[in-house]
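Report on the structure given below.
The values are calculated or read from the model by the stated rules, or taken from the named source; none is laboratory data. Predicted, not measured: the structure shown is a model, and the values here were computed from it. Counting neighbours? That spans all protein chains shown, and the Cβs are built from the backbone with ideal geometry, glycine included.
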Amino acid sequence: MKTKYQVIIDDIKSKILSGDYSVGEQIPTESAMQEKYNVSRHTVRKAILELSNEGFLRSEKGSGTYVSSQYQSKSGGHSNNKTIGVITTYISDYIFPSIIRGIEGRLNEDNYSLLLASTNNDVEQEKKALEMMLSFGVDGLIIEPTKSNLYNPNIAYYLSFKEQDVPFIMINAYYEELDVPFFCLDDVQSSYLATKELISKGHTQIGLIAKMDDLQGKYRMKGYIKALGEAKLRFQPEQVLSFNTETKLDLYTNLKKFLDETRDVLTAIVCYNDEVGLEVANVCRQLDISVPEKLSIIGQDNSYIAKNANIKLTTLTHPQEQMGRDAADWIIKKLQGKKDLPNQTYYQPVLIEGETVKELEVQ
């Protein structure tokens with residue numbers, strides 16, 4: 001549990017880094033903070049002293065305490081090399097190591113340093129990562145948004161980067177509230193191609209497993225609906241299983257129930273990604289549902305877990321390492337003063353045939 005003075009430190013630091021308190025602005029008086037935080041004057045002074053030592057505040061005798069400009073340059077001593085911050089939702093699993101490898105490879109070519117953080121798709125951890133990047137004084141930033149399909153309470157931090165002319169670019173998704181450059185897979189097209197492939201193989205009862213707190217999930221559902229519409233097939237909500245970051249922990253249990261209830265109806269499923277696709281295949285084994293004889297499965301992202309699985313999953317490509325490299329190249333060129341850089345880049349997915357899709361016989 002945080003000490004009382006640490007709570008004050010973290011709160012004031014957050015307000016400074018997010019722009020709630022601007023440089024030169026006077027912070028509340030000691031007595032006002034005593035009342036706000038319900039602490040003693042000694043605790044307030046201890047917090048102010050530490051923030052002053054860190055360069056966030058400066059006190060003027062007889063006048064008050066103000067936000068210092070030192071914090072913006074305080075971290076500038078991190079060497080003459082420029083440092084690029086990278087914030088991803090995850091670091092060590094799924095497609096993220098490949099993305100980071102692409103970023104790191106390109107940055108190394110021009111002797112840029114990399115400062116890495118992850119959010120575990122949690123907005124509070126994203127806030128801490130952004131505060132760290134602002135405090136460190138990174139020269140540019142590459143971000144994979146956290147819960148990109150939901151309102152993000154950390155928008156003020158991104159606006160602070162803009163105000164300080166620190167270039168940043170988003171990968172895999174973006175916040176629709178912000179006008180920011182991004183590199184993304186065409187997620188609508190990915191699910192559209194997956195669904196269309198199943199329809200071309202004679203499937204008309206096609207389910208969807210969708211993650212709905214991320215923008216990718218929203219757009220992948222859109223592609224699924226688009227393909228159904230073109231084929232004059234009805235969208236049926238009961239054939240969709242949705243989940244989010246928190247309920248992913250219960251995905252196995254929910255999948256078991258969903259697949260058991262739809263086993264006599266569905267002949268195919270479009271999955272949010274390869275990880276989900278392989279989990280569907282795993283549950284099918286438990287329920288004695290033969291893949292692809294009884295149920296066809298398509299994943300998405302062409303991840304390393306799909307390549308190394310004991311079943312060759314039909315999937316769609318994701319640029320992964322190339323996306324990371326392109327994002328790093330964009331940041332480097334932006335810092336070099338290059339103009340006319342792309343504001344939006346969509347990579348087009350390609351279907352990779354595996355062994356998890358069966359063509360139905362025409363009745």
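Structure summary
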{"item": "Test: residue in segment 346-362 that is within 24 Å of Thr195 (Cβ to Cβ), of a type outside the set (Val, Ile, Thr) and at pLDDT below 95", "result": "yes"}
{"item": "Count of residues meeting criterion [modelled with pLDDT of 85 or more and either in a helix (DSSP H, G or I) or among the acidic types (Asp, Glu) (or both)] in segment 14-48", "result": "17"}
{"item": "Hey, Phe161 assigned by TED's automatic domain parsing to the domain that holds Pro97, touching a His at 6+ places or on another chain (Cβ under 8 Å) and of a type outside the set (Gly, Ala, Ser) or not", "result": "no"}
{"item": "Residue match in segment 261-268 (condition: outside the structural domain of Leu141 (by TED's automatic domain parsing) and among the small types (Gly, Ala, Ser))", "result": "yes"}
{"item": "Enumeration of residues in segment 297-325 that are touching a Leu at 6+ places or on another chain (Cβ under 6 Å) and not in a loop (DSSP other than H, G, I, E, B)", "result": "Ala306, Leu316"}
{"item": "Whichever residue in segment 310-361 is among the aliphatic types (A, V, I, L, M) and more than 16 Å from Ser296 (Cα to Cα) and, among such residues, is surrounded by the most Cβ atoms within 10 Å (Cβ to Cβ)", "result": "Ala327"}
{"item": "Selected residue (only one of Ser92, Ser63 is assigned by TED's automatic domain parsing to the domain that holds Leu150 and at pLDDT below 90)", "result": "Ser92"}
{"item": "Residue selected from segment 263-291 under the condition over 26 Å from the mean Cα position of the chain (by Cα) and within 19 Å of Ala227 (Cβ to Cβ), by the criterion surrounded by the most Cβ atoms within 10 Å (Cβ to Cβ)", "result": "Ala268"}
{"item": "Search result, residues across segment 185-204 that are out of contact with any helix residue (DSSP H, G or I) (no Cβ under 7 Å at 6 or more places or on another chain) and either closer than 21 Å to Thr267 by Cβ or surrounded by fewer than 20 Cβ atoms within 10 Å (Cβ to Cβ) (or both)", "result": "Asp186, Leu193, Ala194, Glu197, Leu198, Ser200, Lys201, Gly202, His203, Thr204"}
{"item": "Matching residues, segment 121-140, being touching a residue at least 60 places away in the same chain (Cβ under 8 Å) and either within 13 Å of Ile16 (Cα to Cα) or not polar (S, T, N, Q) (or both)", "result": "Asp122, Lys127, Leu130, Glu131, Leu134, Ser135, Phe136, Gly137, Asp139, Gly140"}
